[in-house]
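Since the structure comes first, as structure tokens, the remarks are kept for the end.
Every number in this text was worked out from the coordinates using simple rules, so none of it is lab data. None of these values were measured; they are calculated from a predicted model. For neighbour counting, all protein chains shown are included, and Cβ atoms are generated from backbone atoms with ideal geometry for every residue, glycine included.
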Amino acid sequence: MVDALIKQLKSSPSRDDVFNPWYHFDKENEISKMGASVRRQQLHAYLSERVGNAKYLLLAEALGYQGGHFTGIAMTSERILLGHQKEKGILPEHVFKTKEPKRTSKPIVKPQGFIEPTATIVWGAILEMGIDPRSVVLWNAYPWHPFKLNMGYQSNRTPGKVELMLGKPMLESLIDLMGFKKKLAIGNKAHQLLGALGVETVKARHPAMGGANEFRKQFKQFISSK
């Protein structure tokens, strides 16, 4: 059940350098304390529309401050949800249709909402392949947002090996819920966690740091292969 999975996400590590977007409040950057509730609702809509439709899992490393920190959805930025990526062919309804998307960041922080390069590349690749967006679920091996204490919420850090394994129960629940036919690990951390689950998977380069073209090529091969 989607509700049960979202409840599982509440058990984030008790660390000062981890933000749980579905249950924490970012007082520096959020409009109000209702942000966590909005993000839970948006994740619920996103996952519910994919139950019974999902074929592919795209698993990346961890939530980022430009994406899921404010939307509650992996590799999905506020600008996508707010309709500010239409020129790239990425529409809010590609993410979910059953509720009206909302921003949770203060407009004074980013007038059009946060934009995440990885989100734009990944969603663009999905749509370029002409497949139903609801056949794909985006997720993270470490489902919460790890950040650098000395830089604050608007930063990202790589979760450690032991820390990474804390995302294992949620990933197992997601796989059971969706029954994916194929799984793509985006980067080494995602590949590592799927390996720990004994799951057969394909690995693609992460699109960040100049890896966009290689990712698109590998994603196309992943979708096209039997």
- Message: Please give the charge dipole size of segment 163-203, origin at the Cα centre, charges +1 on K and R Cβ atoms and -1 on D and E Cβ atoms. Round to the nearest 20 debye.
- Response: 200 debye
- Note on the structure: Expressed as a whole-number percentage, the relative contact order of segment 1-94 with C-alpha contacts under 8 angstrom and at least six residues apart is 20 percent
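Restricting to DSSP loop positions (anything but H, G, I, E, B) with no more than 13 other Cβ atoms inside 10 Å of their own Cβ, which chymotrypsin sites (Phe, Trp or Tyr not before Pro) remain in segment 121-226?
Passing sites in segment 121-226 do not exist.
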- Item | Dipole of segment 96-226, positive end: most advanced residue of Gly152, Leu194, Ser135 [Cβ charges, Cα centre] | Gly152
- Query: Taking Lys226 as the anchor, which aspartates and glutamates have their alpha carbon closer than 15 Å to its alpha carbon, excluding any fewer than eight residues away along the same chain?
  - Reply: Glu200
- So for the pair Gln8, Phe25, with labels modelled 7 Å out along Cα→Cβ, what separation do we get in nm? 2.8 nm
- Message: Between [x] 88, 47, 29; [y] 57, 41, 27; [z] 47, 41, 36, which entry matches Cα extents along the principal axes in Å as derived from the coordinates of this structure?
- Response: [z]
- Message: With a cut-off of 8 Å between alpha carbons and a minimum separation of six or more residues, what is the relative contact order of segment 1-47 in percent?
- Response: 37 percent
- Query: Hey, if you put +1 on the Cβ of every Lys and Arg and -1 on every Asp and Glu Cβ in the chain, which of Ser224, Ala74, Trp22 ends up farthest toward the positive end of that dipole?
  - Reply: Ser224
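Suppose every K and R has +1 on its Cβ and every D and E has -1 on its Cβ; what is the size of the dipole of segment 77-129 about the Cα centre, in Debye to the nearest 20?
260 debye
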- Query: Hey, which of these cross-link pairs are over 24 Å Cα-Cα: Lys161/Lys183; Lys88/Lys220; Lys99/Lys220; Lys183/Lys220; Lys88/Lys203; Lys161/Lys203?
  - Reply: Lys99/Lys220; Lys88/Lys203
- Task: Return the FRET efficiency for the residue pair Ser225, Ser32: r is the Cβ-Cβ distance, R0 is 35 Å, and the value is rounded to the nearest 0.05.
- Result: 0.15
- Can you give the extra length, in nm with one decimal, that the chain gains between Ile131 and Lys181 once fully stretched, where that is 0.36 nm per residue apart less the Cα-Cα distance? 16.5 nm
- As straight-line cross-link partners of Lys106, the qualifying lysines (C-alpha separation under 20 Å, not fewer than 8 residues apart within one chain) are Lys27, Lys33
- Query: Roughly how big is segment 1-138's charge dipole about its Cα centre, with Cβ charges of +1 (Lys, Arg) and -1 (Asp, Glu), in debye to the nearest 20?
  - Reply: 360 debye
- Task: For the chain, set up a Gaussian network in which alpha carbons nearer than 10 Å are linked by springs, and say which option among His84, His145, His69 fluctuates the most.
- Result: His84
- Message: Charges on Cβ only, +1 for Lys and Arg, -1 for Asp and Glu, centred on the Cα centroid of the chain; of Ala36, Pro107, Ala208, which one is farthest towards the dipole's positive end?
- Response: Ala208
